[in-house]
Amino acid sequence: MTSTGLTAGVHIATSKCVAVVIDDDGAVLAQSRVDTPRGTTELLDVVEAICTELITVVGAVDSVGVGVAGQLDLSGRMAFSPNLDLGDVPLLQLLETRLDRPIVIDNDANLAAMAELEWGIARGISNAVLMTIGSGFGNALIIDGAVRRGAFGMAGELGHTMINPSGPECSCGSRGCLEVYTSGRGLDWMARQAAIAGLTPQLLTLAGGDAENVQGEHVMRGARNDDPGALAILDQFAFWMAVGLSNAVALLDPELVILGGDMADDWDLYGHLVRTHHERL
């Protein structure tokens, strides 16, 4: 096959699958997005379909990179994916069979860190931590200029470090993990608890009067309108973010902390709160 200089990338996140085709300079030439299905076969069908769609648009690609919201071992086998409901499956092997192209597969945060090293803010940086905050909480470790995966491929899961042993149950089965508090689902949970306690009447109105329907997006909308209840929830969220950040800095001594994921879009609302709490810890 003649080299095209093009690569397809697929991000399998908790709620969506996003695929792009990029050239050697990292420019996006085509993209597609669909909801993430549940089940191994259904997920493979979706990844195959969106890759085929983009390959049809651009003509051909040399290889495919796949980032997954979960933990994979060094062989590309899905080892742990509490947010995707995937079992112990040889994901790399299955995708190579489906797509008939060389596949690189890894945890999505690890691949994001590799991209930052190659084209982004981490160029020239030797030691950094990348945090991705979306439905869940992901991490990657850049040490001595490279993304480090550990002995079995699963290093850097700061989101599943325990910060409150008596806290709520995490999707991984433990209690009080950082992800429980510092993720989209964590913000949803804190918002619902506040609504049930009667502390957020404006958010309850945004959710149609049902406390169980209060979500993090209502918190962000309320915070932008200076709603005291929303701002109090966001401050609580920022406190736990600062706890995670302080632990990461103490453990790894990074030059840089990189924040990514959907919730980074609202950093202007809570970034100053994270910094304030971090300085006090």
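The values are calculated or read from the model by the stated rules, or taken from the named source; none is laboratory data. Source: prediction; values computed, not measured. Don't worry about glycine lacking a Cβ; one is built from the backbone with ideal geometry, like all the others, and counts go over all protein chains shown. Accessible surface is based on the protein model in full, side chains and every heavy atom, while ligands, DNA and RNA are left aside. Shrake-Rupley method; radii C 1.70, N 1.55, O 1.52, S 1.80 Å.
Taken as a whole, the structure places Asp108 among residues that are acidic (Asp, Glu) and crowded, with 19+ Cβ neighbours inside 10 Å.
Of the residues Gly176, Gly134, Gly138, the single one that is surrounded by fewer than 21 Cβ atoms within 10 Å (Cβ to Cβ) and among the small types (Gly, Ala, Ser) is Gly176.
Considering only residues in the stretch 4-15 that are modelled with pLDDT of 90 or more and not small (Gly, Ala, Ser), the one that is farthest from Gly260 (Cα to Cα) turns out to be Leu6. Taking the listed residues Ala211, Ala207, Ala195, Ala232, the one that is in contact with a Pro (Cβ under 9 Å, 6 or more places away or on another chain) and at pLDDT 90 or above is Ala195, with no other qualifying.
Among the residues making up the stretch 3-23, a single one is of a type in the set (A, V, I, L, M), open to solvent by 20 Å² or more (accessible area, probe 1.4 Å) and part of a loop (DSSP other than H, G, I, E, B): Leu6. For the stretch 33-57, what are the residues that are more than 26 Å from Met131 (Cβ to Cβ) and open to solvent by less than 40 Å² (accessible area, probe 1.4 Å)? Passing the criteria: Pro37, Gly39, Thr40, Leu44, Val46, Ile50, Cys51, Leu54, Ile55.
Go over the candidates Gly198, Gly173, Gly186, Gly167 one by one and state the one that is outside any helix (DSSP H, G or I), touching a residue at least 24 places away in the same chain (Cβ under 8 Å) and of a type outside the set (S, T, N, Q).
Details: Gly198 fails: touching a residue at least 24 places away in the same chain (Cβ under 8 Å); Gly186 fails: outside any helix (DSSP H, G or I); Gly167 fails: touching a residue at least 24 places away in the same chain (Cβ under 8 Å).
Of the residues listed, the single one that is outside any helix (DSSP H, G or I), touching a residue at least 24 places away in the same chain (Cβ under 8 Å) and of a type outside the set (S, T, N, Q) is Gly173.
Just one of the numbered conditions (1) open to solvent by less than 40 Å² (accessible area, probe 1.4 Å); (2) more than 15 Å from Val10 (Cα to Cα); (3) touching a Gly at 6+ places or on another chain (Cβ under 7 Å); (4) not β-branched (Val, Ile, Thr) is not true of Trp119: (1). So, Glu157, is that one open to solvent by 70 Å² or more (accessible area, probe 1.4 Å), at pLDDT below 95 and acidic (Asp, Glu) or not? Considered against the rule, which asks whether it is open to solvent by 70 Å² or more (accessible area, probe 1.4 Å), at pLDDT below 95 and acidic (Asp, Glu), Glu157 comes out as no. Of the residues Leu273, Leu269, Leu245, Leu256, the single one that is among the aliphatic types (A, V, I, L, M), surrounded by fewer than 18 Cβ atoms within 10 Å (Cβ to Cβ) and either modelled with pLDDT of 95 or more or touching a strand residue (DSSP E or B) at 6+ places or on another chain (Cβ under 8 Å) (or both) is Leu256.
For the stretch 78-105, a residue qualifies if it is open to solvent by 40 Å² or more (accessible area, probe 1.4 Å) and within 19 Å of the chain's Cα centre (by Cα), and the qualifying residues are Ala79, Phe80, Asp85, Val104.
The single condition among (1) surrounded by fewer than 22 Cβ atoms within 10 Å (Cβ to Cβ); (2) in contact with a Leu (Cβ under 7 Å, 6 or more places away or on another chain); (3) within 17 Å of Ile50 (Cβ to Cβ) that Ala69 does not meet is (1). Contact annotation: residue pairs with Cβ atoms under 9 Å, 6 or more positions apart or on different chains, pairing a residue in the stretch 85-112 that is at positive phi with a partner that is among the β-branched types (Val, Ile, Thr), are Asp85/Thr40. Residues that are over 19 Å from the mean Cα position of the chain (by Cα) and among the basic types (Lys, Arg) occur in the stretch 186-193; there is at least one.
When Gly76, Gly65, Gly87, Gly26 are checked against the criterion of being closer than 24 Å to Ile133 by Cα, modelled with pLDDT of 90 or more and assigned to a loop (DSSP other than H, G, I, E, B), a single residue qualifies: Gly76.
Residues of the stretch 136-156 include none that is assigned to a helix (DSSP H, G or I), touching a residue at least 12 places away in the same chain (Cβ under 8 Å) and not small (Gly, Ala, Ser).
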